[in-house]
Amino acid sequence: MEASKSNFQGRSNSLPSRPHPLILECNQHLESLRASSETSSSNSSFLSHNIRGLQDLIECVEKLIQLPLTQDTLLHEQKEKWNFLDGSLRLLDVCASAKDALLHTKECTRELQSIIRRRRGGELELMAEAKKFLTSRKVVKRAISKSLSKNCNFFSSTNKDHHQTVALLQDVEVATLSSFQKLMQFISGTTTTTQSKSRSWIFISKMIQPKRVACSLVEDESEFAQGDVALQSFIFSKNGKVEEVNNLQNQLEKLELCIQDIEEGLEFLFRRLIKIRVSLLNILNH
């Protein structure tokens, strides 16, 4: 009887412990974000939904890292704890790059809108500012491309032999980088190769048949891509300047609203990522 009781206790001790509720919650947010990311869309409402999903995930991870259980696990994972610290810096870097790209585009958008509204200085001033904006967009796209090459090409495979918390944090980093990659491609106006080709066709078609061919194609593009097309159309068209200015103004208004929406989400994420990095530093310094 004693032997039987001892065997029972041994089997009970070997049973896997139930995951902490925060781990389960984080996994739910992670799966939801993955499902959302699999949808190929350049729609701003879809992007906003994706950012909100990322906010929920990061907020949950921030709470998870505060748990003594998580902190003990990270302290015992000698190699992974430094990887997580590097990863937190990588996430902050790419988030900061997205914020800078957004801020740069917002400033140029507002300046060009101001000139259009004032109509002071005439067409020459407006043309000069439009060309300046187009040049700045090229600078933004190069910066985004550099950041993506530096940060978002890092996709580590999750080691399932690790503790469940460690494996989860690895998955979160990969999913977050992937989300930032989509966001920055959205801001640059180059989400996929196919869409890049379609933008070239939009621009060419607007030069040939301004009213007929381009409309249906432009509707599927991001506000940033539509703004680029409107800029090019205004700068390079030789006729119908009034119509092109009105179109440019409408696209700039849409772009500004889109920027405001994304900017708020990015600021939230940036603050949360800073808190997570500070928490990791505090853990590793013990």
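The values are calculated or read from the model by the stated rules, or taken from the named source; none is laboratory data. All values reported here derive from a predicted model rather than from experimental measurement. Don't worry about glycine lacking a Cβ; one is built from the backbone with ideal geometry, like all the others, and counts go over all protein chains shown.
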Point to revise | Subset of the range 247-285 (residues that are of a type in the set (K, R) and under 17 Å from L54 (Cα atoms)) | key: R271, R272, K275, R277
Point to revise | Subset of the range 222-257 [over 21 Å from A101 (Cα atoms), surrounded by 16 or more Cβ atoms within 10 Å (Cβ to Cβ) and either in contact (Cβ under 8 Å) with a residue 24 or more places away in the chain or aliphatic (A, V, I, L, M) (or both)] | key: S233, F234, V245
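This table checks each residue for (1) in contact with a helix residue (DSSP H, G or I) (Cβ under 8 Å, 6 or more places away or on another chain); (2) free of Cβ contacts under 8 Å to residues at least 40 places away in the same chain; (3) surrounded by fewer than 20 Cβ atoms within 10 Å (Cβ to Cβ).
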{"position": "L69", "(1), (2), (3)": "yes, no, yes"}
{"position": "L85", "(1), (2), (3)": "yes, no, yes"}
{"position": "L102", "(1), (2), (3)": "yes, no, no"}
{"position": "T105", "(1), (2), (3)": "yes, no, no"}
{"position": "E111", "(1), (2), (3)": "yes, yes, yes"}
**Study point:** Qualifying residues in the range 113-133 (those that are within 21 Å of K254 (Cβ to Cβ) and either hydroxyl-bearing (S, T, Y) or surrounded by fewer than 12 Cβ atoms within 10 Å (Cβ to Cβ) (or both)) - the one modelled with the highest pLDDT
**Key:** S114
Check your understanding: What are the pairs, 6+ residues apart or on separate chains, where a residue within the range 268-286 that is within 16 Å of T176 (Cα to Cα) and touching a residue at least 40 places away in the same chain (Cβ under 8 Å) has its Cβ under 7 Å from a residue that is among the acidic types (D, E) and assigned to a helix (DSSP H, G or I)?
Key -> R272/E59; R272/E62; K275/E62; I276/E62
Point to revise | Only listed residue being modelled with pLDDT under 95 and touching a Lys or Arg at 6+ places or on another chain (Cβ under 9 Å), chosen from L15, L85 | key: L85
